[in-house]
DNA sequence: CGGAATCCACAAGGATACTG
DNA sequence: CAGTATCCTTGTGGATTCCG
């Protein structure tokens, strides 16, 4: 195939055009500069997705999240929750009791983020085998060459 | 379920169940261990999405990508392309000419990844304003408190 | 031209200890 | 309980140089 990908890829330019984004040289500049980056960062973040996924089952307290999200440190949980709260994806409600009780929950905005993320997760699940095969092939080819 | 988010979030558990993933404590363990992580990592990666997006317009040579993806270093481009190639998302064809010519293109698999990613990008574009508002509010509240 | 190798700066993140 | 503060190790990525 010399010129175009065999599967017609929908969307990149159309999407950009619909949102008034100048598509110069593969729309790289547009994505890099905008806040789109920060959203993608959060998705790529090891913990954010896990936290969001956990909260999709209902509100949780700090300690519940700490034990629910496997392997996260207290520090990282705090930092991530602050980020998510700052973006309005997660709400934080402090109950003025002693000992302190803080509940975290998905906001409406946070809930709308989940489906696109899950679509991505589903893609990953569906193509795990294919990807694994590619990697194995790539690695053994490398081993043979190296 | 006694306490649910106001918007009903579709999917997390159903998705897991469909793929035979044990959902213990918010499906955190499942996601953390599988190769789903590596896919999300690539999406969160600053450059991968940009490269994929650029290649959606058709094959490109190394140098074209280097200049097309704004701000990327030679090293990072090489590293990212290797990753993408290893996963079978991008193809690499070397033309035995001098000076060397190497073309990179989206594979069929790579093309199928784009729509989910674009869905996410679209979400980001649609909610940029809302997020910005949340951040501003959060920051000014912090400033007032601090 | 398309890389690979080396060096280095800085940021991310874990562990631990302390506090309201 | 729900954090904050500090330390310290590791990873990440840019700049530079060299090579087929």
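No value in this document is a laboratory result; all are computed from the given coordinates. Model, not experiment: these values are computed from the prediction. Note that each Cβ is placed from the backbone with ideal geometry, even for glycine, and that neighbours are counted across all protein chains shown.
Ranking A:128, A:63 by Cβ neighbours within 10 Å, fewest first, what do you get?
So the ranking, lowest neighbour count to highest, is A:63, A:128.
Express in nm, to one decimal, how much length is gained between residue B:126 and residue B:73 on full extension, taking 0.36 nm for each residue of separation and deducting their alpha carbon distance.
Here the answer is 16.1 nm.
Smallest Cβ-to-axis distance in chain A, for the rotation taking A to B: which residue, how many Å?
Nearest-to-axis residue on chain A, with distance in whole Å, is A:44, 0.
When a/c is below 1.5 the answer is rounded, else prolate if a/b is larger than b/c, else oblate, so apply that to region A:107-146 with a ≥ b ≥ c taken from the square roots of the Cα gyration tensor eigenvalues.
Verdict is prolate for region A:107-146.
Say a label goes 7 Å from Cα toward Cβ at residue B:122 in every copy; what distances in nm does this one have to the rest, shortest first?
So the label point of residue B:122 gives 1.4 nm to the other copies.
Label-to-label distances across copies for residue A:66, with labels 7 Å out along Cα→Cβ, in nm, shortest first?
5.0
Which translational diffusion coefficient, to the nearest whole µm²/s, is obtained for region B:21-144 from the Stokes-Einstein equation, given a Kirkwood hydrodynamic radius over C-alpha pairs, 10 °C and 1.306 mPa s?
My calculation gives 94 µm²/s for D.
Put the label 7 Å from Cα along Cα→Cβ for residue B:13; what are its distances to the other copies, in nanometres, shortest first?
4.6
Given an 8 Å cut-off on Cα distances and at least 6 residues of separation, report the relative contact order of region B:21-144 as a percent.
19 percent
Among B:75, B:141, B:37, what is the fewest-to-most ranking by other Cβ atoms within 10 Å?
The fewest-first ordering by Cβ neighbours comes to B:75, B:141, B:37.
Taking 0.36 nm per residue of sequence separation and subtracting the Cα-Cα distance, how much length would be gained by fully extending the chain between residue A:38 and residue A:102, in nm to one decimal?
Here the answer is 20.4 nm.
Taking neighbour Cβ counts within 10 Å as the exposure measure, how do A:47, B:123 sort from fewest upward?
In order of increasing Cβ crowding within 10 Å: B:123, A:47.
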